Amino acid sequence: MTGTIFVTGSGGMVGRNLLEHAHAAGYRILAPRRAELDLRDAEAVSRYVAAHRPDLIIQIAGKVGGIEANRREPSAFLVENIQIGLNVVLAAREQGVPQLLNLASSCMYPRDHLDPLQEDMVLTGMLEPTNEGYALAKIATARLCRYIRTEEPALRYKTIIPCNIYGRHDSFDPIRSHLVPATLRKVWEAQQAGSPAVSIWGDGTARREFMYAEDLADFVWEAVERFDDLPDEINAGLGDDYSVNDYYHVAAQIVGWDGRFVHELDRPAGMARKLVDVGRQRAFGWQPRFTLEEGMRRTYEYFLGKQARSAAGAVAA
Ligand SMILES: NC(=O)c1ccc[n+]([C@@H]2O[C@H](COP(=O)([O-])OP(=O)(O)OC[C@H]3O[C@@H](n4cnc5c(N)ncnc54)[C@H](OP(=O)(O)O)[C@@H]3O)[C@@H](O)[C@H]2O)c1
């Protein structure tokens, strides 16, 4: 495809990795940040799409956070994500934007399925309560894309359902961060403090699938470039998962820390397993490139760079 692409959420981890990918240079990209366009404002979104008439929208923006952030503010995770999703997709339909890629999340699958999650399993069981509001919003937006495809076949609004993502531009904030940046930060802090132990929520046997953000960016560009071949709803994943304990051990190896881990068994550990099925992804002809060790090492280098910049900033101030 050629033409103009409107990318929402361009300042976040997924958005930045998408724009830093070599393929981004081949397109005219509109990437307004929240200060320029608040996607919760339906009229503003509609005006923006009418004024710029993109050929394709990549809907990435959302309120994203870890278990703790979702537990603290479930209503904000539901309402903001529904507003953003519906406003963007409805503005696209109103203005006749022919193609849209909606980024959903594997949180929208039913909880506690030990088998890989296939795309048609959405709405076949109870959601994980720790991020239910976020998941409901993602389901509503994906279903809206599906309904529009049925009602107006000229509008091809497709949904990508990524597994968990980590990488450069991730959040290392103790409240907001997801598992991978949290492991790196906690182990690094233990090393800096000379602390002998790091705590893990739950027994650490829960299994999680995390893809490096550069791989997801590569998948999204492949989807843009071969839009016609892309299934209407498709998972993006590794096809493989690791236990929470595995992530901590890889973090310890990368940081070079040889302390011990203790388990906080009274803390929530989330679903036992969440692994997406990659059958459609394989049939589409794409697979991720980075191993867990490579991805985590690059993420750690990014984190150290950030720490060094903020320390230099503090000295300068
Ligand atoms: N991270 C993951 O593990 C993961 C996994 C599966 C799917 N996804 C999906 O991928 C997408 C991006 O995730 P991410 O990890 O990149 O999140 P992120 O780093 O938190 O970025 C979210 C982006 O959304 C923007 N945004 C939020 N509310 C907005 C609003 N009201 N108006 C305009 N922009 C708004 C933010 O803008 P500001 O920077 O201006 O705040 C930011 O650029 C989300 O839809 C998420 O559901 C993420």
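The values are calculated or read from the model by the stated rules, or taken from the named source; none is laboratory data. Nothing here was measured: the structure is a model prediction, and the numbers come from that model. Here Cβ is always computed from backbone atoms with ideal geometry, including for glycine, and neighbour counts include all displayed protein chains. Heavy atoms of the whole protein, side chains included, go into the accessibility calculation; ligands, DNA and RNA do not. Shrake-Rupley method; radii C 1.70, N 1.55, O 1.52, S 1.80 Å.
Numbers below:
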{"quantity": "Pairs, first more than 26 Å from residue 209 (Cα to Cα) in region 154-166, second more than 8 Å from the ligand (Cβ to nearest atom) and assigned to a loop (DSSP other than H, G, I, E, B), C-beta under 7 Å, six or more apart", "calculated": "154/98; 155/98; 156/98"}
{"quantity": "Residue pairs meeting the criteria (Cβ under 7 Å; at least 6 apart or on separate chains; first under 17 Å from residue 178 (Cα atoms), in region 296-314; second among the hydroxyl-bearing types (Ser, Thr, Tyr) and open to solvent by less than 50 Å² (accessible area, probe 1.4 Å))", "calculated": "299/166"}
{"quantity": "Options 263, 249; residue that is touching a strand residue (DSSP E or B) at 6+ places or on another chain (Cβ under 6 Å) and either among the hydroxyl-bearing types (Ser, Thr, Tyr) or not assigned by TED's automatic domain parsing to the domain that holds residue 216 (or both)", "calculated": "263"}
{"quantity": "Extreme residue, farthest from the ligand (Cβ to nearest atom), among residues of region 136-160 that are of a type in the set (S, T, N, Q) and surrounded by 20 or more Cβ atoms within 10 Å (Cβ to Cβ)", "calculated": "159"}
{"quantity": "Every residue from region 161-179 that is open to solvent by 40 Å² or more (accessible area, probe 1.4 Å) and near the ligand (Cβ under 7 Å from one of its atoms)", "calculated": "178"}
{"quantity": "Meets criteria (among the hydrophobic types (A, V, I, L, M, F, W, C), within 16 Å of the ligand (Cβ to nearest atom) and outside any loop (DSSP other than H, G, I, E, B)) for residue 182", "calculated": "yes"}
{"quantity": "Test: residue in region 14-25 that is without any contact (Cβ under 8 Å) to a residue 60 or more places away in the chain, among the aliphatic types (A, V, I, L, M), within 13 Å of the ligand (Cβ to nearest atom) and out of contact with any Leu (no Cβ under 8 Å at 6 or more places or on another chain)", "calculated": "yes"}
{"quantity": "Residue match in region 192-215 (condition: within 10 Å of the ligand (Cβ to nearest atom), in contact with a Phe, Trp or Tyr (Cβ under 6 Å, 6 or more places away or on another chain) and open to solvent by less than 20 Å² (accessible area, probe 1.4 Å))", "calculated": "yes"}
{"quantity": "Out of 241, 266, sole residue that is more than 14 Å from residue 210 (Cβ to Cβ) and either in contact (Cβ under 8 Å) with a residue 24 or more places away in the chain or open to solvent by 50 Å² or more (accessible area, probe 1.4 Å) (or both)", "calculated": "266"}
{"quantity": "Residue in region 272-295 that is modelled with pLDDT of 95 or more, closer than 23 Å to residue 26 by Cβ, aromatic (Phe, Trp, Tyr) and in a loop (DSSP other than H, G, I, E, B) present", "calculated": "yes"}
